[in-house]
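Written below as structure tokens is the structure these notes are about.
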Amino acid sequence: MEETPERVLVVIPHPDDAEIWCGGTVAKWVKEGAEVHYVLCTDGSKGTDRPGVTPEQLAATREQEQVQAAWLLGVEDVVMLHHPDGELEDTPEFRKQIVRQIRRVQPQVVICAEPYRRNLAWHRDHRITGQVTLDAVFPYARDHLHFAELWRDEGLEPYKTGTVLFWGAELADTYINIESSLTTKIAAVKAHQSQMASRTEAEVEEFVRDWAQRTGAENGCKYAEAFRKVTFRT
């Protein structure tokens, strides 16, 4: 993508997903004047191998880490839905929650997890989040008779988003050059200390830099992030 969108909504399955998969793009666009909003779907309460940590303790830690990481990237706000980690379902209520945020933010671009990976393992929460978000963009956020109560009771007008970018796609077709924002991305990933405990700070930096370098090599960039792009008429 050549143009920087005015408003972006990032729909995140777990704390740290956005920073790992699209943190460089978020930081780059914020520097260029974009307004970026996060919706965090789960509380991240299962993502640990440390014995003795309760789900409640982990959720509190990871949600604070997410707030810190978002602040480092320049994200406008983080809306937390607090669904239990590993328990997302494709339900009308979950869809309505995403539609609410689309109509509130009115983003030109929505970024979320790829729902359709065939040959690579993928967390179930990622699959569900990607599918529900895609459906929320089209047609549910677009048509006023879907979740009419959002319009009637909350004043949230129907809205047409033009572009969805899926991270984690098997066949990427869109690359964002993140050379100018790689350092910020690395700092944001490091903010998720509960998830990086098994690596030193140097190892985290090497991991993020190497991944961005390999992705950039696919499209002639020094460092990049990759997406599958879906567009809709607006």
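The values are calculated or read from the model by the stated rules, or taken from the named source; none is laboratory data. As the structure is a computational prediction, the values presented were derived from the model and not from experiment. Virtual Cβ from ideal backbone geometry, glycine too; neighbours counted across all protein chains shown.
Using the structure shown, decide if residue 167 is in contact (Cβ under 8 Å) with a residue 24 or more places away in the chain and either closer than 28 Å to residue 118 by Cβ or among the β-branched types (Val, Ile, Thr) (or both).
Numbers: in contact (Cβ under 8 Å) with a residue 24 or more places away in the chain: yes; either closer than 28 Å to residue 118 by Cβ or among the β-branched types (Val, Ile, Thr) (or both): yes.
Yes: the conditions hold for residue 167.
What residue, of 62, 118, 50, is more than 22 Å from residue 189 (Cβ to Cβ) and either touching an Asp or Glu at 6+ places or on another chain (Cβ under 6 Å) or not β-branched (Val, Ile, Thr) (or both)?
Values: 62 fails: more than 22 Å from residue 189 (Cβ to Cβ); 50 fails: more than 22 Å from residue 189 (Cβ to Cβ).
The unique qualifying residue is 118.
List every residue pair whose Cβ atoms sit under 7 Å apart, with the two residues 6 or more apart in sequence or on different chains, where the first one lies in the stretch 189-213 and is under 21 Å from residue 175 (Cβ atoms) and in contact (Cβ under 8 Å) with a residue 12 or more places away in the chain and the second, anywhere, is crowded, with 17+ Cβ neighbours inside 10 Å and of a type in the set (Ser, Thr, Tyr).
Close Cβ pairs satisfying both conditions: 212/223.
In the stretch 192-232, what count of residues is obtained for those that are of a type in the set (A, V, I, L, M, F, W, C) and part of a strand (DSSP E or B)?
The qualifying residues number 4.
Quick one: what pairs do we get from the stretch 60-74, first residue among the hydrophobic types (A, V, I, L, M, F, W, C), second surrounded by fewer than 17 Cβ atoms within 10 Å (Cβ to Cβ) and not in a helix (DSSP H, G or I), C-beta under 9 Å, 6+ apart or different chains?
70/76; 70/77
Need pairs with beta-carbon distance below 9 Å; first residue touching a residue at least 40 places away in the same chain (Cβ under 8 Å) and on the phi > 0 side of the Ramachandran plot and within the stretch 121-141, second among the acidic types (Asp, Glu) and surrounded by 18 or more Cβ atoms within 10 Å (Cβ to Cβ); sequence gap 6+ or separate chains.
Short answer, once both residue conditions are applied: none.
Please determine, by comparing only the residues of the stretch 73-88 that are of a type in the set (A, V, I, L, M) and outside any strand (DSSP E or B), which one is farthest from residue 182 (Cα to Cα). I'd like the intermediate steps shown before the answer.
Looking only at the stretch 73-88, we keep the residues that are of a type in the set (A, V, I, L, M), and these are 73, 75, 78-81, 88.
Within this subset, residues satisfying the condition of being outside any strand (DSSP E or B) are 73, 75, 88.
Numbers: 73: 11, 75: 16, 88: 31 Å.
My answer is 88.
Among the residues of the stretch 94-134, how many are in a loop (DSSP other than H, G, I, E, B), under 18 Å from residue 20 (Cα atoms) and modelled with pLDDT of 95 or more?
2
Does the stretch 44-51 contain any residue that is surrounded by 24 or more Cβ atoms within 10 Å (Cβ to Cβ), in a loop (DSSP other than H, G, I, E, B), among the polar types (S, T, N, Q) and on the phi < 0 side of the Ramachandran plot? Can you show your working first?
Initially, the stretch 44-51 is screened for residues surrounded by 24 or more Cβ atoms within 10 Å (Cβ to Cβ), giving 44-45.
Then drop every residue that is not in a loop (DSSP other than H, G, I, E, B), which leaves 44-45.
Of the ones still in play, those that are also among the polar types (S, T, N, Q) are 45.
Remaining after also requiring on the phi < 0 side of the Ramachandran plot: 45.
Yes, the stretch 44-51 has at least one match.
All but one of (1) over 17 Å from the mean Cα position of the chain (by Cα); (2) over 30 Å from residue 50 (Cα atoms) hold for residue 228; state the number of the condition that does not hold.
Evaluating residue 228 over (1) over 17 Å from the mean Cα position of the chain (by Cα); (2) over 30 Å from residue 50 (Cα atoms) leaves (1) as the failure.
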